[in-house]
Amino acid sequence: MLPLIELAVLAIMVAAPLVLNERAELITLITNIAILSLLAISFDLCWGFSGIMTFGQALFFGVPGYVIALVGRDLGLSQIWLTLPLAMIVGLSFAFVVALFLLLGRRPTPIFIALGTLTGSYAAERLVSGWQYVGAGNGLSAIKLLQVGSHELVEGTEFYALACIILLVVYLGARALVRSQFGLVLAGMRQNEERLDFFGYRVQIFKVLVFSLAGMISGLAGALYGYHQGFIGPGNMGPGLSTQAVIYCLLGGSGTLIGPVIGTAVIEILTYVLADIDSIRQFWPVFLGLLLLGIILFQPSGILGMVVSARERIGSYGSRRKGARQPG
């Protein structure tokens with residue numbers, strides 16, 4: 001089922017701008033969905049595939065977003081070939097430093113990692129809220145437009161196409177990673193870390209690697225978000241957005257990669273629809289919260305758990321040698 005679902009989602013992404021071409025606000029919505037899906041995928045790599053519960057994924061989303069905003073404001077640089085790789089490097093490096101403190105050289109419990117990343121996200125949000133150089137609580141607005149040569153990308157179909165291409169490339173890269181022998185180690189680490197360690201694997205090294213890669217993807221998403229919205233603020237690195245990433249993943253179905261994309265789309269579309277209804281304008285977060293709570297309580301495997309078996313979610317890893325005997 002997973003390949004069919006992936007193809008269906010791809011078809012919807014391609015058809016969406018053609019169907020919604022007359023509705024600029026809806027093009028903006030689906031572009032946000034594509035960008036936030038990158039953040040959700042980065043969390044899924046940590047939790048769904050590696051068993052690393054992080055409540056600070058927005059930290060690696062917001063910091064690179066601020067960096068590209070400052071590079072544009074102070075240096076006048078916004079070329080896509082420079083700033084997007086820069087955001088990826090910042091996200092990767094920052095996540096690596098955090099991983100050194102939280103993951104390397106010890107056997108931290110999931111609670112320790114969750115609280116450590118949550119604390120880092122909250123501390124960063126408080127720091128930038130009082131730092132005038134980066135706009136304090138008002139954030140940084142009027143970010144320079146993303147440039148491809150002399151051409152400037154504004155929000156609309158062009159930016160949506162760029163976000164979708166980047167999402168597709170990241171998705172295929174993450175899919176290849178989790179289906180490789182490296183992915184097999186991650187799966188073993190998630191299921192039984194002690195046994196994997198007994199076999200001689202340096203589990204903490206693998207945790208640092210996947211955590212850093214997830215930070216790189218979050219950094220790319222943060223840069224795209226800043227360019228698309230023309231704004232980056234303290235809330236973009238705080239616990240609120242970090243919790244959203246967790247909900248995106250759990251709602252769609254963790255450990256599937258495509259599940260977080262579906263979860264992001266469902267939540268963002270529901271948010272857009274419910275917030276526009278006058279009779280529940282003040283209460284729509286409560287309705288949305290109850291809906292999400294119900295799904296997580298009664299369908300822990302998420303939306304995809306209704307149609308995808310647990311065996312397919314686990315999948316197969318690596319490639320079989322030609323002529324190898326099959327169990328039978």
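The values are calculated or read from the model by the stated rules, or taken from the named source; none is laboratory data. This is a predicted model, so every value here is computed, not measured. Ideal geometry is used to build each Cβ from the backbone, glycine not excepted, and the neighbour counts take in all protein chains shown. Remember, those area values only see protein heavy atoms, side chains included, never the ligands or the DNA or RNA. Shrake-Rupley method; radii C 1.70, N 1.55, O 1.52, S 1.80 Å.
Which numbered condition in (1) over 23 Å from S121 (Cα atoms); (2) touching a Leu at 6+ places or on another chain (Cβ under 6 Å); (3) polar (S, T, N, Q) is the only one that Q204 fails?
(1)
Select, from E6, E22, the only residue that is open to solvent by 30 Å² or more (accessible area, probe 1.4 Å), without any contact (Cβ under 8 Å) to a residue 60 or more places away in the chain and not polar (S, T, N, Q). Show your work before the answer.
Details: E6 fails: without any contact (Cβ under 8 Å) to a residue 60 or more places away in the chain.
Sole residue among the options that is open to solvent by 30 Å² or more (accessible area, probe 1.4 Å), without any contact (Cβ under 8 Å) to a residue 60 or more places away in the chain and not polar (S, T, N, Q): E22.
For the stretch 207-251, give me each residue that is open to solvent by 40 Å² or more (accessible area, probe 1.4 Å) and either closer than 22 Å to L118 by Cβ or part of a helix (DSSP H, G or I) (or both).
The answer is L209, L213, M216, Y225, Q229, G235, G240, T243, Q244, I247, L250.
Kindly indicate whether Y272 is hydroxyl-bearing (S, T, Y), more than 30 Å from R73 (Cα to Cα), open to solvent by 30 Å² or more (accessible area, probe 1.4 Å) and part of a helix (DSSP H, G or I).
Yes, satisfied.
Which members of the stretch 211-248 meet the condition of being β-branched (V, I, T) and within 22 Å of E25 (Cα to Cα)? Steps first, please.
As a first pass, look at the stretch 211-248 and keep what is β-branched (V, I, T): 217, 232, 243, 246-247.
Matches in the stretch 211-248: I232 only.
Given the criterion open to solvent by 40 Å² or more (accessible area, probe 1.4 Å), within 24 Å of T54 (Cβ to Cβ) and assigned to a loop (DSSP other than H, G, I, E, B), identify the matching residue among L172, L115, L104. Step through it out loud before you land on a result.
Values: L172 fails: assigned to a loop (DSSP other than H, G, I, E, B); L115 fails: assigned to a loop (DSSP other than H, G, I, E, B).
Of the residues listed, the single one that is open to solvent by 40 Å² or more (accessible area, probe 1.4 Å), within 24 Å of T54 (Cβ to Cβ) and assigned to a loop (DSSP other than H, G, I, E, B) is L104.
State which residue is surrounded by the fewest Cβ atoms within 10 Å (Cβ to Cβ) when the search covers only the stretch 118-142 and only residues that are touching a helix residue (DSSP H, G or I) at 6+ places or on another chain (Cβ under 7 Å), touching a residue at least 24 places away in the same chain (Cβ under 8 Å) and not hydrophobic (A, V, I, L, M, F, W, C).
G137
Is it true that V261 is open to solvent by less than 40 Å² (accessible area, probe 1.4 Å) and either closer than 30 Å to R73 by Cβ or modelled with pLDDT of 90 or more (or both)? Don't jump to the end; show me each part of the working.
On the way: open to solvent by less than 40 Å² (accessible area, probe 1.4 Å): yes; either closer than 30 Å to R73 by Cβ or modelled with pLDDT of 90 or more (or both): yes.
Spelling it out, V261 is indeed open to solvent by less than 40 Å² (accessible area, probe 1.4 Å) and either closer than 30 Å to R73 by Cβ or modelled with pLDDT of 90 or more (or both).
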